[in-house]
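Every number in this text was worked out from the coordinates using simple rules, so none of it is lab data. Treat the numbers as computed from the prediction; the structure is a model and nothing was measured. Note: ideal-geometry Cβ built from the backbone for every residue, glycine included; neighbour counts use all protein chains shown.
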Amino acid sequence: MNKVEQAREFLKLVGMPRAQLADICCYVLLAMAGIKPDMTWKEANNDWIRIHDIIQFANTFYKTTYAENSRETFRKQALHEFRTAALVEDNGMATNSPNYRYRLTKETLKILKTFQSVEWQTSLNRFLTYHNKLIDIYASKKKITMMPVKINGIDFKFSTGKHNELQKAIIEEFAPRFAQNSECLYVGDTTKKDLVKDIEKLKKLGFEITLHDKMPDIVLYRADKNWIYFIESVTSVGPMDSKRILEITEMTKSVTAGKVYVTAFLDFKTYKKFSESLAWETEVWIAEMPEHMIHLNGDKFLGPR
């Protein structure tokens, strides 16, 4: 029995369903354990690993031909299900972060090291007895890492990561200072996508509802001034450049409210990285200096253009 078949047998014995016995899931287990064809299971490790690394490992050591654009298949078919079953855990970063990684849980590593040894059956029995409780423990751990945020007076939870950390700051720090008494009509989350989406109010304002990736990260509406704020939360990509302004203009061509375009950054260092690409007639807010804003033109200050 080769290593792929052994991996399949392991997944079957620990209770994974049929869909998670596919070859791709076997390669994920092998890559995450660092097991090459000539290695023994007692040599397994649980180093943090990216999906890119998993693909490279499978292609290099098991002669597969997976392309980089198959990452979502690895994520959905194997890693999400493995995490739900408490076989793996992630590092709590945003899923679109280049630093997002997975590893085998310490319990999975412990049992895997005994696979095909005289200790295996005893180790498996102990694991299966404790497994449902283990799933609860890792599910609770995932919940603990969520960030609380109050939107329109209602409590929500953001998944962790720099992008959502900045979105939380926009809602709790920017809005009370520069969009007083505003209402949040839209905010995305890196995992839930549309965390808040007031479709009726957006339509009433003339906003054309589009796909998530076309929406600004946050949309605020200030009724007393009839201003609508389009805010991009930038940690790695996506400032209010000329192209972005045109996209938003096109989807809001029926909106009569005054439009305010804002790019938000966590710190001045990130702002400097994008400063040359920012569009004129837009605003900049930096979370580490929340009392101040940068207005990209001197003819007037914050307000619709």
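Points worth noting:
- For the chain, the fraction of C-alpha pairs farther apart than 38 angstrom is 31 percent.
- Span-rule helices in the chain, defined as complete DSSP H runs reaching 27 Å or more along the axis (Cα) with Kyte mean at least -1.0: 120-144
- The stretch between Gln121 and Asn91, if pulled fully straight at 0.36 nm per residue, gains 7.8 nm over its current Cα-Cα span.
- Here is the list for the range 246-299: GluC sites (Glu not before Pro) lying in DSSP coil, each with at most 11 other C-beta atoms within 10 angstrom of its C-beta, are Glu291.
- Straight-line reach from Lys63: taking Cα to Cα under 25 Å and skipping same-chain neighbours fewer than 8 places apart, the lysines in range are Lys3, Lys12, Lys36, Lys42, Lys76, Lys113.
- The chain - percent relative contact order, Cα under 8 Å, separation 6 or more: 11
- Net lengthening on full extension, Lys201/Asp23 (0.36 nm per residue, minus Cα-Cα): 59.3 nm
- Three-way shape label, the range 3-144, alpha-carbon gyration tensor, a/c 1.5: oblate
- The range 147-295, dipole about Cα centre (Lys/Arg Cβ +1, Asp/Glu Cβ -1), debye to the nearest 20: 200
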